[in-house]
Each structure stands twice: as C-alpha cells, then as structure tokens.
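Q: What follows is a single structure, and I will ask about it in a moment.
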Amino acid sequence: MSEPLVTIENLSLFLPGEASRRFVLHHIDWQIERGRHCALLGANGSGKSTLLRLLRGELWPAEGHIWWHTPDGREESPLAGRSMTALVSPAQQENYQRQAWDLTGLDILLTGFEDTPLVYSDGGSQAQARKDAAVHMAARLEAEGLLDRTMPTLSQGQLRLLLLGRALLRAPSLLLLDECADGLDARHRQIFFDVLEECALRSTIVMTAHRPGQIPDWCAERRYIRRGRLHTAPPGQPEAATANGVENPVVAATGQKLQGPAGKDGPVPPLLDLENVTVFIDRQEVLRHIDWSMHQGEHWRISGANGSGKSTLLRLLAGDEFAAADGRLERWLPRQGGAVHTLAEVRKGIRLVSDLSQALYGYSLTAHDMVCTGFDNSIGVYRKFSAAEKAEALRRMEEMFPEESPQGVADIGQLSIRRLSTGQLRRLFLARALVGEPDILLLDEPCSGLDAASRARYLGLLDLLAARGLHIVFVSHHGEDAPLCINREAHMEDGQLRVVM
C-alpha cells in the first residue's frame with residue numbers, strides 16, 4: 001500500500017507582497033508518495049520553483065490545503081514541511097552569496113543538520129559525529145579540498161556542490177532539487193548523481209530540470225506545470241520541445257559560424273591584452289600568470305572544471321577584480337573611443353552576465369527599471385532615464401521574450417524582479433547587459449536555468465549580435481550551449497589559461 005508524504009487539494013497561491021494578488025499556482029491537486037521519485041517539468045516562469053517552495057513550507061496557499069504526513073499524523077503546519085524536507089535551489093544559493101557570510105565549506109555542510117543558514121551551536125555531544133559525517137559527505141562528492149575554503153573563494157559550482165551535500169546530510173523524507181546540477185562540471189555532475197541514487201533509497205525526490213540527462217532513470221514519474229496548473233501529461237502544445245518528458249536541446253537556426261567585423265586596414269590593437277596577470281582573492285592565488293589577448297572578430301569559449309578560475313577571469317575583464325601589481329591588463333574598445341582607463345569606461349564597454357552578478361543585485365526594482373540600470377552598469381537607480389533609454393530597454397526586453405506580446409512584455413516590466421523565475425531573470429540580465437551598445441559581452445553559464453526554447457532563442461540572439469559587431473567571451477560546462485559564432489577556445493586549469501583553438 002502506498003504511503004503518502006504530502007497531499008495537496010485544490011490549492012491556489014499568489015506570492016506575498018503583490019498588491020495585484022496575481023495567482024501563480026491554480027487549483028493544484030497532487031499526492032506525493034514515499035519512494036515515488038518525480039520530475040517536475042515546465043518552461044521558465046511556469047511555477048515549478050514556487051511549487052517546490054510550497055512543498056518546503058516556505059509559502060502558504062490562498063485557497064485549498066496542503067498536508068504533510070509525519071509519524072505523528074497528518075499536519076497542516078508549515079513547520080512540518082520544514083522538518084521533513086530539504087531544498088536546494090538557485091534562490092538559496094543566491095541568498096548565501098548576497099549575505100556573504102563568513103563561512104567555510106565545512107560550516108556550510110554542518111548547517112544542514114539543524115537546517116539553518118548559519119552554525120548556531122557546536123552540536124553538543126553530536127559535534128564530532130556531525131563533523132565526521134560532513135567530512136565523509138565531502139569525500140563522497142570529491143569536495144574535500146573545499147572544507148577549509150571560505151565563501152568568497154568558492155566558485156559557483158563549488159558552492160552548489162556544498163549546498164547539495166548540505167541537503168543530503170539531513171537525509172530528509174522529501175528532497176526537493178531545483179535545477180540542482182546547473183553550475184557543476186561534467187565530472188561532479190556524475191559524482192553527484194551517483195551519490196543521489198544512493199540517497200534515493202531513503203529519501204523521496206522531487207526535482208526540476210531543463211536538460212536531457214539531468215533526470216536519472218530511477219526518477220520515473222513526471223508532472224508537468226504550465227501557467228501555474230499541474231498536469232499528469234504534457235498539456236496541449238508544449239512550451240518547449242519535449243521527448244520522454246525531458247526537453248530536447250534546440251540549436252540556433254543558423255548553420256554556420258558567424259565572424260565578427262574585420263578591422264580597419266593596418267594593425268589594430270587587441271580588444272583585451274593580458275600579460276603576466278595574477279589575481280588574489282582572500283589571500284589565495286586564483287589566477288596565475290595569465291598571458292592572453294582577444295582581437296576583433298574573435299569570440300571565445302573558456303572551458304575548465306569548477307574552481308579552475310573561469311569566473312574570476314571574467315570578473316577581472318569586467319573590472320570587478322584587480323590584477324596584482326606585476327601584471328598588465330589593457331582594454332581597447334572601439335565603441336568607447338579606443339583605449340579605456342577608468343572603471344566607468346570599462347563598465348560601459350564590457351558587460352558581465354553571471355549567477356553571481358544576478359545574486360548580488362539586491363535591489364527590488366521593477367524588471368524595466370533593472371534593465372535601464374544597464375546604461376550606467378549600476379546596481380540600483382540613481383537618476384531618471386530618458387524616454388529614448390526607456391524605449392531601448394523595452395526593445396531589448398522584447399528581444400528576450402519573443403513569445404510574449406508587446407503588452408505582455410510591458411506587464412513583465414512592471415513586476416518586481418523578486419517575483420520572477422530564475423530563467424526569466426537570466427533573460428532580463430542579458431537585456432540589461434545589451435543596452436547602451438557595449439563592445440564585449442562576458443557570459444558566465446548564461447543558459448543556467450533556461451528551458452530548451454529559451455536557450456535556443458538566447459543563443460540565436462547571441463549569434464545575431466556577434467554578426468553586428470558585439471564580441472563574446474562565453475563560459476559554460478555544456479559544450480552544446482556555445483553559440484555558433486564561437487571561433488576561439490581556451491581551457492582554464494588551476495588558475496592558468498591555455499589556448500586550444
């Protein structure tokens with residue numbers, strides 16, 4: 001006989017703090033049974049992450065009911081949901097990054113036992129057993145080298161790996177995983193899924209994913225969510241191409257590599273020129289003696305494992321990190337008039353889109369205002385924007401949301417960025433990066449959180465922008481995500497960069 005873990009009946013929900021009371025989940029009926037692992041599928045903004053937060057007890061329904069089945073019986077208190085579940089999500093990771101807590105990798109794992117963001121006690125009589133369990137989990141995930149690392153020195157993938165280990169240490173009755181493998185390199189993805197398969201023997205798992213191969217075979221059930229409604233089969237015409245419940249990869253329509261514009265006759269300085277560049281973060285050497293240049297017409301992909309230094313390199317190019325004194329970094333940006341020297345000039349001509357930049361954007365602006373801040377590359381609004389700037393921001397948003405009508409895009413523009421899904425926000429941050437005609441676009445795992453259709457549109461737009469003269473540096477653990485315009489490649493390993501193409 002099946003044993004229920006969670007029962008949802010005729011439940012509707014709107015996000016707190018919205019005056020419009022816009023429902024994001026509608027009339028949900030669902031019973032999650034112990035041992036029946038389920039993949040929750042749907043497009044960006046369909047309601048997947050909201051439903052996971054509901055199962056966790058972080059949100060409360062406006063209509064209907066949710067019950068958690070505990071050893072003491074059926075309970076409606078969200079505290080029951082907190083006690084029997086664990087959640088790993090992009091929003092959780094963004095919160096850790098935004099707060100910038102002074103934690104080591106071991107601290108992050110230990111917080112899982114009490115399900116708190118920080119370590120509030122030494123664990124008492126269980127302290128040594130908990131520490132041993134945390135060290136053992138790190139070993140299983142091949143993350144022992146992260147135990148003594150501090151938060152500022154962790155890459156996106158390394159922090160994600162620790163948060164996954166934190167959740168697994170609790171051995172919850174219900175494990176909720178929201179795009180859990182995003183940001184992990186191929187080796188650590190396989191390691192994590194091997195460990196997860198063992199944990200699936202004692203925890204029931206509900207997970208979301210947009211990529212083929214990121215839903216294990218043993219996760220056999222499927223639920224589909226579209227516009228806040230839950231279905232047992234793909235509803236009508238799917239929002240993204242699917243097969244066996246998992247979205248198929250979609251490639252950009254163009255079939256050949258696009259080249260950037262040819263330079264003028266005669267020697268043209270490189271856009272970026274690095275010589276003997278070393279970068280320290282929290283007194284640790286993260287980049288070591290980098291010699292590299294990027295010329296007009298080049299579009300680069302940077303590959304490498306988690307923690308190899310890829311994200312630090314992009315932040316350095318964007319002016320968010322600084323080289324040690326004996327290194328040289330020069331930028332020559334045609335759209336900014338040539339050589340640039342001030343940080344304001346750098347940030348106008350070079351734009352960065354990354355998980356970290358998205359996480360650290362702490363202001364609760366409307367989507368349209370956030371895109372407008374791209375003109376100054378600022379965090380927050382510090383001036384009034386002109387009518388022309390507002391119109392360009394709206395045009396860039398329409399490029400990011402071609403499936404929406406102009407009125408639909410305008411409606412999105414009036415929403416708080418804190419009410420949007422990770423995938424919707426990622427598209428908006430690209431729109432923000434494109435306003436004001438920059439020279440170089442730095443993309444750090446830009447397709448993280450995007451559904452298949454959104455990825456195809458995103459990559460197709462990058463190829464179009466490259467053909468118009470924008471230069472691209474692209475970082476991703478998924479080779480299929482690279483736009484067709486990419487014509488150079490370098491590999492990062494242990495803080496050193498090696499050109500491979």
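All of the numbers you see were taken from the coordinates with simple rules; none came from a lab. This one's a predicted model, so the numbers in the text were calculated from it and none came from an experiment. Glycine also receives a Cβ, built like all others from the backbone with ideal geometry; neighbour counts cover every protein chain displayed.
Q: Counting only DSSP beta bridges with both residues in the chain, what percent are antiparallel, rounded to the nearest 5?
A: 55 percent
Q: Cross-link candidates for Lys131: which aspartates and glutamates have Cα within less than 17 Å, leaving aside residues fewer than 8 places away along the same chain?
A: Cα-Cα hits under 17 Å: Asp107, Glu114, Asp115, Asp122, Glu142, Glu144, Asp148.
Q: Here's another thing I want to ask about it. Semi-axes, largest first, in whole Å: what does sqrt of 5 times each Cα gyration tensor eigenvalue give for the range 114-216?
A: Each semi-axis is the square root of five times an eigenvalue, giving 23, 17, 12 Å.
Q: Quick query: amide H of Leu497 versus all other amide H atoms, modeled in the peptide plane; which residues come in under 5 Å with a sequence gap of 5 or more or a different chain?
A: Excluding prolines and chain starts, which carry no amide H, the hits are Asp291.
Q: Taking the Cα centre of the range 4-247 as origin, sum charge times position over the Cβ atoms of Lys and Arg (+1) and Asp and Glu (-1), and report the length of that vector in debye to the nearest 20.
A: Charge dipole, the range 4-247, about its Cα centre: 460 debye, nearest 20.
Q: Taking 20 °C and 1.002 mPa s as the conditions, I'd like the Stokes-Einstein D for the range 322-464 in µm²/s, using the Kirkwood hydrodynamic radius from alpha carbon pairs.
A: In µm²/s, the coefficient rounds to 135.
Q: How far apart, in nm, are the 7 Å Cα→Cβ label points at Glu142 and Phe280?
A: Going from the Glu142 label point to the Phe280 one covers 3.1 nm.
Q: Kirkwood hydrodynamic radius (Cα pairs, Å) of the range 4-247?
A: Every distinct Cα pair counted, the radius reaches 18.7 Å.
Q: Ala339 versus Glu76, label points 7 Å from Cα toward the beta carbon: distance in nm?
A: Spacing of the two 7 Å Cα→Cβ label points: 7.2 nm.
Q: Moving on. Considering only the other residues whose Cβ falls under 13 Å of the Cβ of Val499, what net charge follows from Lys and Arg at +1 and Asp and Glu at -1?
A: Result for the local shell: -1.
Q: Further, regarding this structure: Expressed in nm to one decimal, what extension gain is obtained for the pair Asp115 and Glu9 from 0.36 nm per residue of sequence separation less their Cα-Cα distance?
A: 35.4 nm
Q: By count of other Cβ within 10 Å, fewest leading, how are Glu330, Glu493, Glu179 ordered?
A: The order, fewest Cβ neighbours first, is Glu493, Glu330, Glu179.
Q: Rounded to the nearest whole Å³, what is the per residue volume of the convex hull around the Cα atoms of the chain?
A: Cα-based convex hull of the chain, divided per residue, equals 156 Å³.
Q: What is the gain in length, in nm to one decimal, between Tyr363 and Glu58 on full extension, counting 0.36 nm per residue of separation less the C-alpha to C-alpha distance?
A: That works out to 107.7 nm of additional length.
Q: If r is the Cβ-Cβ distance from Gln496 to Ser125 and R0 is 41 Å, what FRET efficiency results, to the nearest 0.05?
A: 0.35
Q: Follow-up question, since we're still on this one. With axes computed from alpha carbons, what is the tilt in degrees of helix 422-434 against the longest principal axis of the chain, rounded to the nearest 10 within 0 to 90?
A: Rounded to the nearest ten degrees, it is 10.
Q: Sticking with this structure for a sec: Which FRET efficiency value, to the nearest 0.05, do you get for Glu437 and Asp326 by plugging their Cβ-Cβ distance into 1/(1 + (r/R0)^6) with R0 = 45 Å?
A: 0.85
Q: Another one. Using DSSP to call loops (not H, G, I, E or B), can you name the chymotrypsin sites (Phe, Trp or Tyr not before Pro) in the range 87-141 whose Cβ has at most 11 other Cβ atoms within 10 angstrom?
A: Listed in order of number, the matching sites are Tyr120.
Q: Using only DSSP helix segments of four residues or longer, with each worth -39500 (n - 2.57), what per-residue ellipticity at 222 nm results for the chain after dividing by its residue count and rounding to 500?
A: When only DSSP H runs of four or more count, the value is -9500 deg cm²/dmol.
Q: Straight-line reach from Lys310: which aspartates and glutamates fall under 15 Å, measuring Cα to Cα and dropping same-chain residues less than 8 apart?
A: Reachable aspartates and glutamates: Asp185, Glu285, Asp291, Asp320, Glu321, Asp355, Asp444, Glu445, Glu489, Glu493, Asp494.
Q: For the range 260-407, how big is Rg over Rh, using alpha carbon atoms and the Kirkwood form of Rh?
A: Answer for the range 260-407: 1.00.
Q: Each residue of the range 202-218 in turn: what ³J(HN,Hα) in whole Hz from Karplus with 6.51, -1.76, 1.60 and θ = phi - 60°, glycine and Pro shown as x?
A: 10, 10, 8, 10, 10, 9, 10, 6, 10, 10, x, x, 9, 10, x, 4, 6
Q: Here is a further query. What is the gain in length, in nm to one decimal, between Ser386 and His65 on full extension, counting 0.36 nm per residue of separation less the C-alpha to C-alpha distance?
A: So the extension gain works out to 110.8 nm.
Q: Further, regarding this structure: Suppose we keep just the DSSP beta bridges with both residues in the range 4-247; what percent of those would be antiparallel, to 5?
A: Looking only at bridges with both residues in the range 4-247, the antiparallel portion is about 55 percent.
Q: Follow-up. Given contacts defined as C-alpha pairs under 8 Å and at least six residues apart, what's the relative contact order of the chain, whole-number percent?
A: 17 percent
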